[in-house]
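Single-structure report; data block below.
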Ligand SMILES: Nc1ncnc2c1ncn2[C@@H]1O[C@H](COP(=O)(O)OP(=O)(O)OP(=O)(O)O)[C@@H](O)[C@H]1O
Ligand SMILES: [Mg+2]
């Protein structure tokens with residue numbers, strides 16, 4: 001008995017210090033998050049219930065009108081749907097383009113070439129977002145680089161009229177957010193053992209079957225992570241829609257930005273932001289079972 | 001079904017030569033064991049045969065057709081990977097069913113055959129588990145079931161039973177042999193267990209440093225190893241170094257050993273003698289004229305249940321002698337004993 005006591009006692013004494021070390025390790029990060037995100041967010045949440053910006057000389061009271069405005073005017077709901085659709089489409093295109101790219105990077109290319117190609121994926125990340133978007137205007141505008149190129153390829157091609165359209169916004173956003181999808185897919189693809197693919201092939205599976213039954217299911221965590229990382233910022237985006245969308249580029253994100261920068265109606269902007277946030281949460285809650293199964 | 005012909009295959013990874021000029025004929029319906037130390041190129045050879053990667057030079061034919069000319073999924077090869085390569089996202093049932101499913105086998109037949117295969121590897125009732133919920137040995141058996149369930153024409157097994165306990169392993173060996181014989185699958189299997197290699201296979205090949213050292217029936221390989229390495233890798237062997245003189249092997253102390261056939265070469269030679277071929281005999285015992293006799297000092301006796309090993313010393317050579325428990329004499333360490341064996345059991349080998 002005495003022997004077993006001495007062996008179990010240190011383990012028992014060990015446990016609380018384990019909890020303490022978890023607290024010690026995560027504590028600073030949470031403190032940082034509370035100070036930098038939660039506090040300002042709480043202030044914004046408070047603003048969203050005011051009738052005007054709480055500045056001296058302004059008349060303001062607590063109200064729900066900012067929220068009811070969203071439900072009373074079709075305009076906002078249409079915008080919300082438009083933004084959600086934009087989020088889905090951009091995430092989808094990022095997947096369609098990014099997944100094959102990540103697959104090639106993770107499974108086909110080896111050694112130095114992989115590093116070089118990786119760099120090409122990352123470099124857009126390093127350039128200034130504004131510059132990236134404006135360079136797209138050079139490409140997409142009438143008689144721009146794209147049209148001239150197509151005209152050179154097929155003489156008499158005519159005009160695409162891409163600039164200031166919904167499509168232009170999608171193109172710009174896909175370009176901006178593609179690296180997220182490539183990186184998350186690359187990570188989950190590179191954890192797939194090549195032997196699994198060989199094994200499946202040797203058992204008689206075609207490439208398509210291997211993709212459908214082995215590779216896609218096993219890389220689902222990366223795909224989902226990438227899609228979430230893209231979807232959330234895209235539905236609130238305002239820069240790309242403004243610059244590339246022109247008049248067609250009105251989304252919830254641009255309207256919210258207007259409230260803060262030009263209309264100076266912070267309470268409405270805040271309320272719209274929180275409605276957007278709630279919407280995202282509802283979507284994730286609804287898809288939760290699928291997301292969980294995927295990862 | 002199909003024979004597999006490997007001719008002059010070489011494969012290197014960077015500067016490292018993993019296979020050099022390997023030629024093996026795997027007979028149709030045969031059971032071939034590949035033996036060799038770790039890193040000798042066994043897995044590499046299996047991968048070339050399966051066509052997962054292609055040799056730098058040389059050719060592999062399955063049933064007369066070059067491996068490269070048939071896409072992987074059309075080759076009908078069952079490969080069991082050394083690391084099992086189970087699909088982590090699928091249940092045990094789906095893993096085993098995979099090969100049947102992609103062949104559009106009817107559902108009822110899939111169910112029956114997967115059930116049969118799982119029963120064979122003693123894993124009935126584990127259908128719904130995921131690979132990560134299995135023990136190492138269970139995973140290995142799922143991998144085995146998965147490789148055999150669709151009755152491939154060639155079965156490549158990379159250490160199929162290495163993680164199993166002895167009882168289970170013996171059971172699996174019997175089953176493996178039975179299916180192989182019934183279906184006539186050309187089977188190539190890698191093993192580190194020499195006993196398994198000798199009992200199961202009808203042909204054995206020994207690989208070392210990417211080269212095929214020797215191949216033959218288990219009996220040939222065991223009784224007539226050509227190199228000291230093959231003699232010691234496959235079973236135990238006593239090695240005697242000496243000088244060939246007048247057709248006999250002269251040891252340093254002057255003892256002369258006769259071999260099966262008089263030695264043709266002269267100069268330094270090595271001969272191997274299996275420990276169980278040597279008997280400890282009484283001084284007075286009458287020996288036939290073709291016996292080799294050697295004096296040695298007993299150093300240690302190792303008791304192993306049904307048998308005994310004697311560790312002895314003759315000059316600076318250590319020797320090992322096996323005796324059945326029934327026949328064992330009671331000997332003391334330090335005692336000088338007389339060893340005798342038939343000259344036909346003295347095998348000249350390359351050092
Ligand atoms: N992809 C690779 N790149 C570089 N070297 C490799 C590669 N695959 C195998 N090798 C090398 O080739 C040699 C043979 O490897 P192989 O896997 O065939 O050995 P093995 O005989 O199966 O060994 P074990 O019994 O340990 O499984 C090893 O030295 C290994 O390091
Ligand atoms: Mg191996």
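The figures follow:
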read-out: For chain B, built as a Gaussian network whose Cα springs stay under 10 Å, the top-fluctuating residue of B:284, B:91, B:124; value: B:284
read-out: Compactness of the range A:194-234 - radius of gyration and Dmax, Cα, Å; value: 13.6, 43
read-out: Volume per residue that the Cα convex hull of the range B:174-214 spans, once the total is divided by residue count, Å³; value: 76
read-out: Calculated FRET value between residue B:338 and residue B:236, using beta carbons and R₀ = 22 Å, to 0.05; value: 0.60
read-out: Principal axis box of the range A:115-222, alpha-carbon based, largest edge first, Å; value: 53, 33, 27
read-out: Sequence of B:159, B:68 once ranked by neighbouring C-beta atoms within 10 Å, starting from the fewest; value: B:68, B:159
read-out: Rounded tilt (10° steps) of B:136-148 against the dominant C-alpha axis of chain B; value: 70
read-out: Cα-based convex hull volume of the protein assembly as shown per residue, rounded to whole Å³; value: 287
read-out: Proxy reagent accessibility, fewest Cβ within 10 Å first, across B:175, A:115; value: A:115, B:175
read-out: Protection-proxy order for peptides A:30-43, A:128-141, A:152-165, A:170-183, each taking the mean of Cβ atoms within 10 Å per residue, highest first; value: A:170-183, A:128-141, A:152-165, A:30-43
read-out: 13 Å tail of the calculated P(r), the range B:257-298, as % of Cα pairs; value: 67
read-out: Relative contact order %, chain A, counting alpha carbon pairs below 8 Å whose residues are six or more apart; value: 25
read-out: Tail weight of P(r) past 17 Å, computed on alpha-carbon pairs of the range B:20-103, percent; value: 58
read-out: Between 0 and 90°, nearest 10: helix B:92-101 axis offset from chain B longest Cα axis; value: 70
read-out: For the range A:133-163 and the range B:229-267, distance of Cα centres in Å; value: 86
read-out: Residue-averaged 222 nm ellipticity for the protein assembly as shown, from DSSP H runs of 4+ at -39500 (n - 2.57), nearest 500; value: -14500 deg cm²/dmol
read-out: When the convex hull of its Cα atoms is projected in every direction, mean area for the range B:180-258 (nm²); value: 6.9
read-out: Cα pair distances in the range A:212-270, grouped into 10 Å bins until the bin that holds the longest one, percent each; value: 22, 33, 21, 16, 7, 1
read-out: Whole-Å semi-axes of chain A's equivalent ellipsoid (Cα gyration tensor); value: 39, 36, 17
read-out: Stokes-Einstein D in µm²/s, Kirkwood radius over Cα pairs - the range B:236-349 at 37 °C with 0.692 mPa s viscosity; value: 228
read-out: Reference-scaled alpha-carbon Rg (2.2 N^0.38 Å with N residues) for the range B:77-197; value: 0.98
read-out: Among B:331, B:339, B:221: highest mean-square fluctuation, GNM of chain B, C-alpha pairs under 10 Å; value: B:331
read-out: Cα-based convex hull volume of the range B:4-225 per residue, rounded to whole Å³; value: 123
read-out: Beta bridge orientation in the protein assembly as shown: antiparallel %, DSSP, nearest 5; value: 75
read-out: Mean separation of Cα contacts under 8 Å (6+ apart) over length of chain B, as relative contact order %; value: 16
read-out: Top of B:215, B:59, B:119 by mean-square fluctuation, Gaussian network on chain B, Cα under 10 Å; value: B:119
read-out: Per-bin percent of Cα-Cα distances, the range B:310-351 [5 Å]; value: 5, 13, 25, 27, 16, 8, 4, 0
read-out: Percent of Cα-Cα distances greater than 19 Å, calculated over the range A:60-151; value: 70
read-out: C-alpha long axis of helix B:166-179 to longest principal axis of chain B, angle in °; value: 60
read-out: Evaluated at q = 0.10, 0.13, 0.18 Å⁻¹: base-10 log I(q)/I(0), Debye formula over Cα of the range A:158-295; value: -0.51, -0.75, -1.05
read-out: Calculated log₁₀ intensity ratio I(q)/I(0) where the Debye formula runs over C-alpha points of the range B:149-289, q = 0.12, 0.19, 0.21 Å⁻¹; value: -0.66, -1.16, -1.33
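Values quoted throughout were computed directly from the atomic coordinates according to the rules given, and no laboratory measurement underlies them. Note that this is a predicted model, so its numbers are computed, not measured. A quick note on method: Cβ atoms are made from the backbone with ideal geometry, for glycine too, and the neighbour counts reach across all protein chains shown.
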